[in-house]
Amino acid sequence: MAIAFARMTIHTRTKGHSAVAGSAYRSGKVLVDERTGETHDYENRDDVLFETVLLPEGADPKFQHRETLWNTVEAMEKRKDAQVAKDLVLALPRELDGEQQILLAKLFANEHFVKNGLPVDLAIHDHGDGNPHAHLYLTTRRLLGSEFDKYKARDLNPGFASGKGKSFINEQDYWGQRWRDCQNAFFQEFDIDLAVDENHLITQRHHGRVHNGEAHYIREENQLRREAERHMAVYQPKKVLNILSERYSVFSERDIASLLFKSTDNREDYELALAGLKALDDLITLGHGDDGHLRYTSKQNLQKEAKLADDADTLASRNSSKVHKSALKKTCSKYSLNEEQAAALKHLASSPDIAAIVGRAGTGKTYLLGAAKAMWEADNKRVLGMAISGVAARGLASDSGIPSKTIAHYLTLLHHGKTPWQKGDIVVMDEAGMTDLNCMTKVVSSIRKTGAKLVLIGDPDQLQPIGKGAPFRAIIERIGFAELNQIRRQRDEGDRQATRWLAQGKVESAIHHYDSKGNIKLLDDEKMAQQELITDWMSQYETLLPSELLILTHRNRDVAILNKQARDALVAHGKLTGEELIVQHEDRRTRVQVGERLLFREKIKSLGINNGDFATVIDIKGDKITTKFDTEPDKPITFSTKEFTNFAHGYAATVHKAQGATLNHTFVYTAGKGWDRYLSYVALSRHRESTKLYASKSEFSCIKKLSQQLSKNRPKENTIDYLELCSSRMRITADNLAYNHANYLTGNIIKNSHVNISTKSHDIQR
């Protein structure tokens, strides 16, 4: 999981540091320190995945050699207490592949240091403990051509707190915030379904493998970090609340306890920190959750959700986009809609400036949207689409014809003062159930200001937002919705019923159905379960198109294992042809042949490639690969591996990558404790013809245990789920919070609707 771990250390001669030794240790090289005559040999390290020297513009190329660079640095420093270097450690997201991690670290180094004149000795380490991290080893002076500046680059230092021993707190906070912002911007830019999560108030110091000469680098910093973290927990409760509020709309006693326990050393400190947090006026007690534990929020989150509710109410009271009856009638006669779809189309035609369609998996939502687009355009309205990921946006565009971009794209335009929609426009948000509170609030607010209409399409029972809150569920409980329940994707009626059960949270019933068909395979251990899956997958691969099959799992490590096993099976059966092209990444190799399935992990606008696109290799010539994309099979794309290498094998993928996809056959591998009813619903509803699920008895002793894990309910919560309980205690009226659910829903919405709108909160499975 991505975290905001950034720790800056200053290396000084008074602490026995040597810049040459520091570089040798981090890069895993042999370097000779000319000042001391010592040879520092760390060449036997096997945990250095990548290393390079980044130089500012105009720097002499000789400084690419570490020995030259750092011996020159040492020669510049004459004082016995000189600061010789700085070491910034950044925790890298485990979910990214090696190439993405390198790109992310380079972007951060260039943005904050290299472009400001500082060389960066960059190294990426992974000790096999699942915690990859980057070392940015920095000079303290700018490099001007072939010489270092005679002045220290103090203007690049963040602000320090006054008072002895407190400066490290502000610097850690500063770089942690910069690293958090850099990661989140990177995730948005490349449509990666991640967001930064802080595990600690001040992020953990990474110990690494300590060599005798490096022990002093770690002891002092660990002590500082712990002191700083304890100080923040006990004496700065507002910062604790801010961190909780960034992660959750609603948080529990357990969430608070987990954060404070990691940030304090003893019971006395813990109780002081807890008391300080609970004494804050900005901490709002909401009431008890279904599990009996108290729930809390912050005043900031409460105001944000109240603003969202108020904006939604305003849109729901406005009807500036009503479609003329002639346009609706013409569309209904042109498209073959079932009864549910026709009713939903009428709802979209007559609904106010915010409308919602809850479409269960495989009910033909995009076909309905294609008809809706034709209807709106026949009424001279411009239609725009958006979705949380690039793949979902492209799917919306290709299946419905609605020109679509990512939500991040539109939010970037809004951030720069450019409003992408105008009065009378129809803005369709697909997969709205995956949109978090921050994004939804900004979109709804802009729609209200401009006079456009917002149409939300989604399913609150599929994958939850990665960010905080569940705003789609909050909105549809407030304004009502039209619902598509008639499953069309699965061709077997029993499978269609299983999908209905999954949507209702009745996972055990769905598992029983697939078990009765022999499609649940519980093997003795993980290795046997994986082998059985690959055998079954290979038997289908013999007769079907590769694009009709997909292996689904939850953990990235399982994706990597299953991709390798799938490709090994294809090679053994002679299914991949032609000469093998070995694509060299900075940290790994990918073998590619004709017939290979690829999953692209980066958006390349010039090529028309989105992060998450699947393709089949149809030709290889030299370093050029020609692929046929699943989304546009008639438009082959050729690219050079000298220019673009951010792809992986695409036989297996995470369930998140498959949200919204339809395959003929899916093979689901279940492992780990991360599974819940939302993952189960998506994973087991992607297929037309068949789905099979594989697990090991070493983890799930029987079908019942498997069903229990796959049925776990971990919904994101909203403050308005609790407002009726706590409004009187907080002296906040329901009107002030724009929360008058029952009265509102019995008003104009129902009177004007041509469809039976669900109005009870219990209609939505929480």
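The values are calculated or read from the model by the stated rules, or taken from the named source; none is laboratory data. This is a predicted model, so every value here is computed, not measured. Positions of Cβ are generated from backbone atoms using ideal geometry, with glycine treated the same way; all protein chains shown enter the neighbour counts. Just the protein is used for accessible areas: all its heavy atoms, side chains included, with ligands, DNA and RNA removed. Shrake-Rupley method; radii C 1.70, N 1.55, O 1.52, S 1.80 Å.
Take every DSSP beta bridge with both residues inside the chain and express the antiparallel ones as a percent of the total, to the nearest 5.
Close to 60 percent.
Relative contact order for the chain: what percent, with Cα pairs under 8 Å and sequence separation of 6 or more?
Working: 1440 pairs, mean separation 90.3, N = 766.
Once divided by the residue count of the chain, the mean separation gives 12 percent.
Using Cα atoms only, what is the angle between the long axis of helix 98-112 and the major principal axis of the chain, expressed in degrees (0 to 90) to the nearest 10?
70
Once phi is turned into θ = phi - 60°, what whole-Hz ³J(HN,Hα) does the Karplus curve with 6.51, -1.76 and 1.60 give for every residue of region 517-524, x standing for Gly and Pro?
Once θ is set to phi - 60°, the couplings for region 517-524 become 8, x, 9, 10, 10, 9, 9, 4 Hz.
Within region 451-467, whose backbone N sits under 19 Å from a point 7 Å along Cα→Cβ of Thr419?
Answer for this model: 451-455.
Can you list residues whose amide H is under 5 Å from Asp425's amide H, if they're 5+ apart or on another chain and H is modeled 1.01 Å from N?
Lys453
Normalised by the number of residues in region 566-696, what is the relative contact order in percent for Cα pairs under 8 Å and 6+ residues apart? Could the numbers behind the result be given before it?
Numbers: 204 pairs, mean separation 22.1, N = 131.
For region 566-696, the relative contact order is 17 percent.
Counting only protein heavy atoms and a 1.4 Å probe, tell me what percentage of region 293-449's accessible area is made up of carbon and sulfur.
Values: 3000 of 5990 Å².
Here it works out to 50 percent.
Can you give me the angle between helix 556-572 and the longest principal axis of the chain, using Cα atoms only, in degrees from 0 to 90, rounded to the nearest 10?
Between helix and principal axis, roughly 80 degrees.
Between Ser18 and residues 5 or more places away or on another chain, which pairs have amide H atoms under 5 Å apart, with H built 1.01 Å from N, and which residues are they?
none
At a Förster distance of 41 Å, what's the computed FRET efficiency of Thr535 paired with His409, Cβ-Cβ distance as r, to 0.05? It would help to have the intermediate numbers written out before the result.
Values: r = 42 Å, r/R0 = 1.03.
Step by step, r from the Cβ atoms, then E = 0.45.
May I ask you to derive the relative contact order of region 1-85, considering only C-alpha pairs under 8 Å and at least 6 residues apart, and to give it as an integer percent? Walk me through the intermediate numbers first.
Working: 104 pairs, mean separation 31.3, N = 85.
Over region 1-85, the number comes to 37 percent.
Could you tell me which GluC sites (Glu not before Pro) in region 617-716 are loop residues by DSSP with no more than 14 other beta carbons within 10 angstrom of their beta carbon? All intermediate terms of the calculation are to be shown ahead of the outcome.
Details: sites: Glu643, Glu689, Glu699; in loops: Glu643, Glu699.
Passing sites in region 617-716 are Glu643.
At what distance in angstrom do the alpha carbon centres of region 95-109 and region 9-63 lie from each other?
Cα centroid to Cα centroid, the span is 21 Å.
Once semi-axes √(5λ) of the Cα gyration tensor in Å is worked out from the coordinates, which option in [x] 40, 29, 26; [y] 46, 34, 26; [z] 54, 33, 26 does it equal?
Only one listed value fits the structure, namely [y].
May I ask you to give the solvent-accessible area per residue for the chain, in square angstrom, as obtained with a 1.4 angstrom probe?
Details: 32630 Å² over 766 residues.
I get 43 Å² per residue for the chain.
Given a 1.4 angstrom probe, I'd like the percentage of the accessible area of region 544-633 that is carbon and sulfur, rounded to a whole number.
On the way: 2150 of 4160 Å².
The C+S portion of the solvent-accessible surface of region 544-633 is 52 percent.
I need the phi-derived Karplus couplings for region 611-616: 6.51 cos²θ - 1.76 cosθ + 1.60, θ = phi - 60°, integer Hz, Gly and Pro marked x.
Running phi through 6.51 cos²θ - 1.76 cosθ + 1.60 with θ = phi - 60° gives 4, x, 6, 9, 8, 10 Hz.
Can you list residues whose amide H is under 5 Å from His11's amide H, if they're 5+ apart or on another chain and H is modeled 1.01 Å from N?
Sorted by chain and number, the residues that satisfy this are Val84, Ala85, Lys86, Asp87.
Of Gln565, Thr577, Ala615, which is farthest along the charge dipole of region 541-671 in the positive direction, counting Lys and Arg as +1 and Asp and Glu as -1 at C-beta?
Gln565
Of the heavy-atom accessible surface of region 656-727 (probe 1.4 angstrom), what whole percent is carbon and sulfur? Before the final figure, lay out each step's value.
Values: 1120 of 2340 Å².
Percent of accessible area from carbon and sulfur atoms in region 656-727: 48.
Please give the helix 526-541 orientation as an angle from the longest Cα principal axis of the chain, in degrees from 0 to 90, rounded to the nearest 10.
That works out to roughly 60 degrees.
Take Lys262 and Asp634, extend 7 Å from each Cα along the Cα→Cβ direction, and tell me the distance between the two endpoints in nm.
So the label points at Lys262 and Asp634 sit 5.2 nm apart.
I need the phi-derived Karplus couplings for region 408-424: 6.51 cos²θ - 1.76 cosθ + 1.60, θ = phi - 60°, integer Hz, Gly and Pro marked x.
Taking θ as phi minus 60°, the curve returns 4, 4, 5, 5, 5, 4, 4, 4, 9, x, 9, 8, x, 10, 9, 4, x Hz for region 408-424.
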